[in-house]
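A.B. asks: Before we start, here is the structure in question, set down as structure tokens.
The values are calculated or read from the model by the stated rules, or taken from the named source; none is laboratory data. These figures come from a predicted structure and were not determined experimentally. Don't worry about glycine lacking a Cβ; one is built from the backbone with ideal geometry, like all the others, and counts go over all protein chains shown.
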Amino acid sequence: MINAIYTYLIKLVYKRSQEKQRSTHFADVPLARFNDRLKLSQRYQVFRSQNGIYQVQIPDFGRKHVVNLIEHDCDCRNFYEYQSACTHAIAACKYAAEDPFNHIDWKFSVKALQKTYSHSLVPISIKSLSSKKGVQPLKVKRQRGRPKTKRIRKGDWKQKPICCSLCGVVGDHNKRRCTNAPLANGRQQRA
């Protein structure tokens, strides 16, 4: 299995190092994602404030986002996450007659991609590896207690809402702490 994974990685690194990119400046995948955001930004409304700060409004939802082009910041937090302009920042760039490509990080350039995959992986034969005396397989220790036999299904770890059996209200109390039920007897009446 290790041999198969290593062979796959050798092929992948070689393929990516030899791939021709469509653009001379930016790699294909980040450029395609940027172009998708560029299409979405065409319908946004932009209002200028001051010193590179803009308010971008999405007409369909009425949401407003504050974009600071000088600090490369947007309150949607995608500007930081993408390391390039989000849809709101692209709309603000177009309004300010700036090139939105200037806000893409250098990590997405073709030069950075070529530098990443410039080093090739050397093939290794598994048969030629000698087993060292000091290298031993991991010791698997059996866990204490009875092993779980039932699978935890998706969503089972969430708590179910508590329903009071006296008053029938779904909330944060049960029949012991119920304040809505009539007091026939019990702790509530004695208190």
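A.B. asks: Look through the range 106-133, keep the residues that are in a loop (DSSP other than H, G, I, E, B) and among the charged types (D, E, K, R), and return whichever of them is modelled with the highest pLDDT.
C.D. replies: So the residue we want is LYS127.
A.B. asks: When the residues of the range 5-29 are narrowed to those that are touching a residue at least 12 places away in the same chain (Cβ under 8 Å) and in a loop (DSSP other than H, G, I, E, B), which ends up nearest to HIS103 (Cα to Cα)?
C.D. replies: In this case the residue turns out to be HIS25.
A.B. asks: Just for the range 35-71: of the residues that are of a type in the set (Phe, Trp, Tyr) and in a loop (DSSP other than H, G, I, E, B), which one is surrounded by the fewest Cβ atoms within 10 Å (Cβ to Cβ)?
C.D. replies: So the first thing to find is which residues in the range 35-71 are of a type in the set (Phe, Trp, Tyr), and the list is 44, 47, 54, 61.
Among the residues that remain, those that are also in a loop (DSSP other than H, G, I, E, B) are: 44, 61.
Details: TYR44: 19, PHE61: 7.
Across the range 35-71, the extreme among qualifying residues is PHE61.
A.B. asks: Right, something else. What's the total number of residues in the range 79-90 that are in contact with a His (Cβ under 8 Å, 6 or more places away or on another chain) and either acidic (Asp, Glu) or farther than 16 Å from ARG33 by Cα (or both)?
C.D. replies: 0
A.B. asks: While we're on this one: Going by what's in this entry, would GLN55 be described as modelled with pLDDT under 90 and not β-branched (Val, Ile, Thr)?
C.D. replies: no
A.B. asks: Follow-up question, since we're still on this one. Could you pull out the residue among ALA4, ALA85, ALA32 that is closer than 30 Å to SER118 by Cα and loosely packed, with under 11 Cβ neighbours inside 10 Å? Break it down stepwise before answering.
C.D. replies: Values: ALA85 fails: loosely packed, with under 11 Cβ neighbours inside 10 Å; ALA32 fails: loosely packed, with under 11 Cβ neighbours inside 10 Å.
Answer to the check: ALA4.
A.B. asks: State all residues of the range 102-116 that are more than 22 Å from the chain's Cα centre (by Cα) and surrounded by 17 or more Cβ atoms within 10 Å (Cβ to Cβ); if no residue qualifies, say none. So that I can check it myself, show each step before the final result.
C.D. replies: Step one: list which residues in the range 102-116 are more than 22 Å from the chain's Cα centre (by Cα), which gives 102, 110-112, 114-116.
Within the range 102-116, just VAL110 meets the criteria.
A.B. asks: So which of CYS93, CYS76 is surrounded by 16 or more Cβ atoms within 10 Å (Cβ to Cβ), in contact with a His (Cβ under 9 Å, 6 or more places away or on another chain) and part of a helix (DSSP H, G or I)?
C.D. replies: Going through CYS93, CYS76 in turn, just one is surrounded by 16 or more Cβ atoms within 10 Å (Cβ to Cβ), in contact with a His (Cβ under 9 Å, 6 or more places away or on another chain) and part of a helix (DSSP H, G or I): CYS93.
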